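All remarks here apply to the structure that follows.
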Amino acid sequence: MALVPAAGQGVRLGESMPKAFVPIGGSPMLTLAVDGLIASGVVDHIVIMVPAELIERAGALVADRNSVSVVAGGAERIDSVRAGLAAAPQATHILVHDAARALTPPSLIARVVAALRTGQRAVVPGLPVTDTVKSVDAHGVVTGTPDRGGLRAIQTPQGFEAQLLREAYALDLPATDDAGLVERLGARVHVIPGDPMAFKITTPLDLRLADELLADRPAARAVAR
Ligand code: C5P
């Protein structure tokens, strides 16, 4: 089953509506992300977490898709995922997939699930980092330059054995991704090759790029209609 956090306000995108409802090529990001999960053929049920006041609108967007439910998210992404977990008590394996990664290829979703099926308990897609990354202190002074070769930019979907993810969320610690919490338990997290198309749509530049890419993708254009 898959949890889709879609409750962010998307302040950095500068649009007038919460990010997951912003259209790309005519379809809301939320719909594109859900359709990608369905097209992967490896997800049986999807729970979407949206701002409480938009539950009805999100429900209408996915009304004709089987096995998709909508619940209220929370103030932070972590709160939204926790709300989704509570709505999926029966799941044995869980993918957590950002609505904001609306163009994620179904093949990447299938590869994450295939890795889970080999018995791995936590699987995340990641890409080599192309920029040099530096750590800085509060004054903007560089404190270090980690070896880029050992870094990966991590995407979603992130896949977990459900019990492991539930234990990780029970820790109640801050984290910017789900695997970060699982790492705190001391569990092994495997990175598989990610896909550039799974980029997170965060800024107006990302939105323009996503629009362009979707216009070039005949199958996705058909979904958008
Ligand atoms: O803000 P950011 O781009 O990191 O958000 C990643 C994903 O988490 C987005 O799909 C966003 O809608 C979701 N989110 C959420 N609840 C929040 C904040 C973000 O579901 N409170």
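The values are calculated or read from the model by the stated rules, or taken from the named source; none is laboratory data. In this text the structure is predicted, and so the values were computed from the model without any measurement. Backbone-built Cβ (ideal geometry, glycine too); neighbour counts: all protein chains shown. Note: areas computed on protein heavy atoms with side chains; ligands, DNA, RNA excluded. Shrake-Rupley method; radii C 1.70, N 1.55, O 1.52, S 1.80 Å.
Values for this structure:
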item: Candidates Val112, Val71, Val50, Val62, filtered to the one that is open to solvent by 30 Å² or more (accessible area, probe 1.4 Å) and either at pLDDT 95 or above or more than 12 Å from the ligand (Cβ to nearest atom) (or both); result: Val71
item: Residues of region 165-176 that turn out to be within 16 Å of the ligand (Cβ to nearest atom), at pLDDT below 95 and open to solvent by less than 70 Å² (accessible area, probe 1.4 Å), as a count; result: 1
item: Failed item in (1) surrounded by 12 or more Cβ atoms within 10 Å (Cβ to Cβ); (2) away from the ligand (no atom under 13 Å from the Cβ); (3) small (Gly, Ala, Ser), with Ala83 passing the rest; result: (2)
item: Yes/no for Ile55 being surrounded by fewer than 22 Cβ atoms within 10 Å (Cβ to Cβ), within 15 Å of the ligand (Cβ to nearest atom), among the β-branched types (Val, Ile, Thr) and more than 17 Å from the chain's Cα centre (by Cα); result: yes
item: Arg188 vs. criteria more than 16 Å from the ligand (Cβ to nearest atom), open to solvent by 30 Å² or more (accessible area, probe 1.4 Å) and at pLDDT 95 or above; result: yes
item: Test: residue in region 39-46 that is among the hydrophobic types (A, V, I, L, M, F, W, C), more than 13 Å from the ligand (Cβ to nearest atom), within 14 Å of Ala102 (Cβ to Cβ) and open to solvent by 30 Å² or more (accessible area, probe 1.4 Å); result: yes
item: Boolean, Pro28 is within 16 Å of the ligand (Cβ to nearest atom) and in contact with a strand residue (DSSP E or B) (Cβ under 8 Å, 6 or more places away or on another chain); result: no
